[in-house]
Amino acid sequence: SGSTTFVFLDTTMKFSAVLLAALATTACAFAPGARPATKTALFQNMDPVDKTMKGIDSDGAFDPTSGANPALTRNNNDEVWVQQRARPRRNRKSAAMRGMVKECIVTPNNFIYPLFIHDEDFNTEIPSMPGCERHSLDSMLKEVGEAFELGVKTFVLFPKVPDEL
């Protein structure tokens, strides 16, 4: 029984030593000093980036942080900084809430134009819907053409159904 315990401990210690050696090798690969010399050599001949944006034009008159309503401000290092708008975390907790508060742009391409049509050669008002009318074929084609020029690309047609049905 004593020799079995010794073999078990010896195997466990060897496994632990191998595991520690693998972890140490991985840790050394990601250590700051382990970066390849070629990467730093790429940036040795480059001029540092001037983040202050001072003197970017020939006469030095342009400053994006000056004026009555400047688009940019300066941070504590005197570098140009773009103001970030507040994005409260409470608005991003769930997918449903993110869907409700996400930024969206509505364009005429997103619109669906409902058109009410009938078989007559003239347009008629729809009494239950003020401002809407049933279009004739010619009038409908004219409406579709005008809307298409304005960017509306989707239409839904509602034909006049006889009242008996």
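The values are calculated or read from the model by the stated rules, or taken from the named source; none is laboratory data. Nothing here was measured: the structure is a model prediction, and the numbers come from that model. Here Cβ is always computed from backbone atoms with ideal geometry, including for glycine, and neighbour counts include all displayed protein chains. Heads up: the accessible areas ignore ligands, DNA and RNA and are worked out on the full protein's heavy atoms, side chains in. Shrake-Rupley method; radii C 1.70, N 1.55, O 1.52, S 1.80 Å.
Points to keep in mind about this one:
- Listed values for the range 107-123 are Karplus-derived 3J(HN,Hα) couplings in whole Hz (6.51 cos²θ - 1.76 cosθ + 1.60, θ = phi - 60°), namely 10, x, 5, 7, 7, 10, 8, x, 10, 9, 10, 8, 7, 6, 8, 9, 8, and x replaces Gly and Pro.
- Taking amide H positions as modeled 1.01 Å from N, with prolines and chain starts lacking one, the residues under 5 Å from Ile117 and 5 or more places away or on another chain are His135, Phe158, Lys160.
- If you plug the beta carbon distance of Asp138 and Asn109 into 1/(1 + (r/R0)^6) with R0 = 25 Å, you get a FRET efficiency near 0.45.
- Sequence of Leu141, Leu115, Leu165 from largest to smallest accessible area, 1.4 Å probe: Leu165, Leu141, Leu115
- Under a 5 Å amide H cut-off, with hydrogens placed 1.01 Å from N, Thr124 pairs with Arg134 among residues at least 5 apart or on other chains.
- In this rough spin-label picture, where each label sits 7 Å from Cα along the Cβ direction, the Val101-Phe155 distance is 4.1 nm.
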